[in-house]
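> One structure follows; several queries about it will come next.
Each reported figure results from applying straightforward, stated rules to the coordinates on display, with no laboratory input. The structure displayed is predicted, hence computed values, not measured ones. Don't worry about glycine lacking a Cβ; one is built from the backbone with ideal geometry, like all the others, and counts go over all protein chains shown.
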């Protein structure tokens, strides 16, 4: 199975995602430069964390214009699994592949620490191997991770079961204290309506080995391997709940 | 403009230095040449006051691949790899503009590392501020921390550790010392040399602006009430540009098309051209009109002296230019050919072909002035070293439990989570020892190894005795590395002092360097480079003399990394012996508002044996935690071992000491005395006998002092209960002391 890790100028978690996929998971992965037009026949696409183009404007606002994003959009439109981690999530929001926007953390400061997130949905490519309600201990590292969606969009996300991860306590309880950045409804990650595009602020690639403090993030990558192996979108009925 | 005494003064040059310039040149310099001399002969670039002392430091060892004199030092860590590291100060700019000052400090040290061909994998910093509640302190702390975070987080290099202390002496002169470590193939280390006549000299990176002109000269002067007006001399950082430079330069270095490379840091284009030429025994000729410029109408003087950030100078092998240009283009960077290497040893600067400066490189570098400045033992020492313990014992002393809480709330001791949570300390997925728990530890991917890194310094000790204080700093940094399981291999130092033209300051400096040298020799850790920051004075008041030591150690097996945290049900062993030394202690400062006495004694032989023992125990997996007892003594160290464990307390019994006629002070001395060379380790009970036997064999005093577990911190001294605190309460005090100072919850 082949992963593509997109490299924007300013990406800085590209090598980490690549390492997790190749060294920990044992799958193959290739870096794809943002000026390229092709994803090289990848089965899975990762938009990694970092500060694409420096993020001096809004986070992710420049990256969506990179040539590779057309290929990412086509891939997503065809149902291919796309994972946006941290800055990659921000890029997906700016590119319109996922709904909503990012604000500065409510504490106004960058925060890097392990947090707990609860798996809300297990029918996305990146959560099929997790259990619903499973609590993962995964680090965050961001200054603009305060997910915002207007009330209608937020309601639609809930109705369509597009909230994939939520910040909780270690026991899986949603509390204000457990929400590290002020995100609406403690949202840590969401998926597209077709469920194949997933974005999350925490860094699963930083939590794939016990030596790093947690291996809970591995399930995200194991999920997509299982999902693709099983034939991808074609193999699973897509959950559709009408509003 | 004629060169008169006023011009010289504005350039920080003394009349006799000007005479020296004229004799080198055989004529009067023009203003551009004078500017070039002034930055190259500034204290910051020339080390003219410190050089004679620095020469005495041990810099050699079988593991040293690169000693002082290059952009950074390098040590062999096996597997054909080198650890490339250095520490540097950015004190003066950070006082004037905290965010940009700190940010560009981080940017500068990162460039020093990747310039050597190493990929940077870890940052650390050592910070000093005035009292946290003092006016202006909050602005400085917030700005410096945000600046370090803003740069390091963006470029994607984890900040894995460091230290912070607060003392009134730093109120007008905060210290911002930044450290970076990278990994290179030992055979591929690249140097800052220009050689090969006719080879092209390239400029790449950000455009040159008027920012930072005379930054090096500013860093070589004291502050006064006009310092805020020097803000234009502070540069603005662009971590995105540096990230592009880093990736592009590392890619270019893979091609072997480079002869040499150097970043334009202090003294910008001037320093990089002169130093590269001088190291290569060659000359460099450039035309400043070819230098990419951000502003119009810049003069050759301004272009040569600008300290705009994120710029590199490269010498490319003849015929390989297109290859190099192509790589920079990929990263949207434009490498511009601005000159060539010559064979006449001159730095020759043209502007649209017209000669505007011509100076022998050696006059700027090797022949810069060297001063053996007068020294004098400071008169304050007689008074501050006197500490009447019997008199102190007569005072009203707090209960030991209350004293411990006071110490845990002291910003120097308290949790720095509010700080390091703002730093991305996990990016690159190598961090296996999280910050706030002792040394920073990063694994080396592709090997079984890990590196443990620690920065330490104690200005109060050095104020009371610079020589011993410096020895203690080396010992503590190495001990912290050992406590993580690392064998100390090499050191870097950042020497922060006042005005060297004052004999008492110069004495402090010389004493501290002697102490560093002696300790490094005894512990087998050569100095591979570093930085000197002098003139840390405001309105005539100097900071505490503050040498900061960075030590890098190697763990043969990354899986054997140790933290300080206790596990329930283990035996606690104190290695080393306490003598109840309170001189210069955090206890005296916090509880008695006193900075006095002599710092703790240190026996370097005993220290070396202790460190070797701890590493040995770690490698054999005989211990489950190790933590050095320093600020606040054994009591604070025991408490710290309980914090962050999810509620594993400790019950320990310490021996008494007799330092005073007052029993309560004796109790405090046993608990909070800061005798050096002590480590608290914990071990599973069935391994206790083995641990004690190995300690005996190593000649290290060792005593089982208690057990982990329970939800309290209980410590007795000489059989009498001294401290009994609920762990949760103590941890809350320690966790919140700094945070509550800054955070008002924005909901």
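> Kirkwood Rh and Cα-based Rg: tell me the resulting Rg over Rh for chain B, rounded to two decimals.
Answer for chain B: 0.99.
> Helix-only estimate, please: 222 nm mean residue ellipticity of chain B, summing -39500 (n - 2.57) across DSSP H runs of length 4 or more and dividing by its residues, to the nearest 500.
Mean residue ellipticity, 222 nm, calculated: -10500 deg cm²/dmol.
> On to the next question. Report the extension gain between residue B:343 and residue B:736 in nm, rounded to one decimal, defined as 0.36 nm multiplied by the number of residues separating them, less their alpha carbon distance.
That pair, residue B:343 and residue B:736, stretches by 135.2 nm at full extension.
> Give me the percent relative contact order of region B:73-146, please, defined on Cα pairs under 8 angstrom at least 6 residues apart.
For region B:73-146, the relative contact order is 27 percent.
> Students often get this wrong: which residues of region A:25-54 have the backbone nitrogen under 19 Å from the point 7 angstrom along Cα-to-C-beta of residue A:74?
A:30-47
> Please work out the FRET efficiency for the pair residue B:329 and residue B:290, using the Cβ-Cβ distance as r and a Förster radius of 22 Å; give the result to the nearest 0.05. The partial results should precede the final answer.
Details: r = 18 Å, r/R0 = 0.80.
Efficiency, rounded to the nearest 0.05: 0.80.
> From the Cα gyration tensor of chain A, with a ≥ b ≥ c the square roots of its eigenvalues, which class applies: rounded if a/c is under 1.5, or else prolate if a/b is larger than b/c, or else oblate? Walk me through the numbers on the way to the answer.
Numbers: a/c = 1.21, a/b = 1.13, b/c = 1.07.
Here chain A falls in the rounded category.
> Using the 10 angstrom Cβ neighbour count as an exposure proxy, how do B:604, B:588, A:47 rank, fewest first?
Taking fewest neighbouring Cβ atoms as first place, the list is B:604, B:588, A:47.
> Could you put A:161, B:90, B:449 in order, starting from the residue whose Cβ has the fewest other Cβ atoms within 10 Å?
Ranking A:161, B:90, B:449 by Cβ neighbours within 10 Å, fewest first, gives A:161, B:449, B:90.
> Once the Cβ-Cβ distance between residue B:729 and residue B:355 is put in as r, and R0 is 60 Å, what FRET efficiency do you end up with, to the nearest 0.05?
0.25
> Rank by packing, highest mean first: peptides B:643-656, A:132-145, B:454-467, with packing defined as the count of other Cβ atoms within 10 Å averaged across residues.
So the order, starting with the most tightly packed, is B:454-467, A:132-145, B:643-656.
> Please state, to two decimals, what the Cα-based radius of gyration of region B:503-598 comes to when divided by 2.2 N^0.38 Å (N = residues).
1.51
> Counting other C-beta atoms within 10 Å, which of B:324, B:84 has the fewest, and how do the rest follow?
In increasing order of surrounding Cβ atoms, one gets B:324, B:84.
> Please determine, in degrees from 0 to 90 and to the nearest 10, the orientation of helix B:137-155 with respect to the longest principal axis defined by the Cα atoms of chain B, where the helix direction is its Cα long axis.
So the inclination is approximately 70 degrees.
> Okay, next question. For region A:36-99, what log10 I(q)/I(0) values come out of the Debye formula at q = 0.13, 0.26 1/Å, with one point per alpha carbon and no solvent?
-0.30, -1.17
> Also, I was wondering about something else. For the pair residue A:215/residue B:743, report the inter-label distance in nm, with labels modelled 7 Å from Cα in the Cβ direction.
My value for the distance between the label points is 3.1 nm.
> Can you give me the angle between helix B:466-483 and the longest principal axis of chain B, using Cα atoms only, in degrees from 0 to 90, rounded to the nearest 10?
Compared with the principal axis, the helix lies near 80 degrees.
> How large is Rg/Rh for region B:614-718, to two decimals, with Cα atoms and a Kirkwood Rh?
0.97
> Pairs of alpha-carbon atoms within less than 8 angstrom and 6+ residues apart define the contacts here; what relative contact order does chain B have, in percent?
15
> Would you kindly give the portion of the calculated P(r) for region B:522-673 that falls above 19 Å, as a percent of all Cα pairs? Spell out each step's value before the answer.
Working: 7610 of 11476 pairs.
That tail contains 66 percent of the Cα-Cα pairs.
> Now, a different point. Assuming a ≥ b ≥ c are the square roots of the Cα gyration tensor eigenvalues, decide whether region B:267-346 counts as rounded (a/c under 1.5), prolate (otherwise, with a/b larger than b/c) or oblate.
oblate
> Quick one: Cα centre-to-centre distance for region B:289-354 and region A:138-199, in angstrom?
For region B:289-354 versus region A:138-199, the Cα centre distance is 49 Å.
> Once both labels are modelled 7 Å past Cα along the beta-carbon direction, what's the residue B:567-residue A:150 spacing in nm?
It is 5.5 nm.
> Same structure, new question: Cα-based Rg (one decimal) and Dmax (whole number) for region A:10-63, in Å?
That works out to 12.3, 37 Å for Rg and Dmax.
> Here's something else I'd like to know. What is the diffusion coefficient of region B:431-506 in µm²/s, taking the Kirkwood radius over Cα pairs and the Stokes-Einstein relation at 4 °C with a viscosity of 1.567 mPa s? Could the numbers behind the result be given before it?
Values: Rh = 14.1 Å.
Translational D for this selection: 92 µm²/s.
> Given points 7 Å out from each Cα along the Cα-Cβ axis, report the residue B:380 to residue B:366 separation in nanometres with one decimal.
4.0
> Evaluate region B:1-113: find the radius of gyration of its Cα atoms, find its Kirkwood radius, and give the ratio Rg to Rh. Spell out each step's value before the answer.
Numbers: Rg = 18.7 Å, Rh = 17.2 Å.
Reported Rg/Rh, Kirkwood definition of Rh: 1.08.
> Sticking with this one: Express in whole angstrom the spacing between the alpha-carbon centres of region B:436-500 and region B:125-146.
22
> If each residue of separation counts as 0.36 nm, what is the full-extension length gain between residue B:447 and residue B:56 once their alpha-carbon separation is subtracted?
Full extension from residue B:447 to residue B:56 adds 137.2 nm.
> Continuing with the same structure: Using only Cα atoms, locate the centre of region B:408-435 and the centre of region B:617-691, then give the distance between them in Å, rounded to an integer.
Each part reduced to its Cα centre gives a spacing of 22 Å.
> Next question. Rounded, prolate or oblate: which fits region B:692-741 when a ≥ b ≥ c are the square roots of the eigenvalues of the alpha-carbon gyration tensor, with rounded for a/c under 1.5 and prolate only if a/b beats b/c?
Here region B:692-741 falls in the prolate category.
> Return the FRET efficiency for the residue pair residue B:299, residue B:28: r is the Cβ-Cβ distance, R0 is 25 Å, and the value is rounded to the nearest 0.05.
The pair residue B:299/residue B:28 has a calculated efficiency of 0.85.
> Mark the label point 7 Å from the Cα of residue B:391 along Cα→Cβ and return the residues of region B:626-661 whose backbone N is within less than 18 Å of it.
Taking a point 7 Å out along Cα→Cβ of residue B:391, the residues of region B:626-661 whose backbone N falls under 18 Å are B:659-661.
> Still on this structure: Using only Cα atoms, find the angle between the long axis of helix B:239-253 and the longest principal axis of chain B, and express it within 0 to 90 degrees, rounded to the nearest 10.
Tilt of helix B:239-253: around 70 degrees.
> Please list log₁₀ I(q)/I(0) at q = 0.10 Å⁻¹ for the protein assembly as shown, using the Debye equation with identical point scatterers on the alpha-carbon positions.
Scattering profile of the protein assembly as shown, log10 relative to I(0): -1.20.
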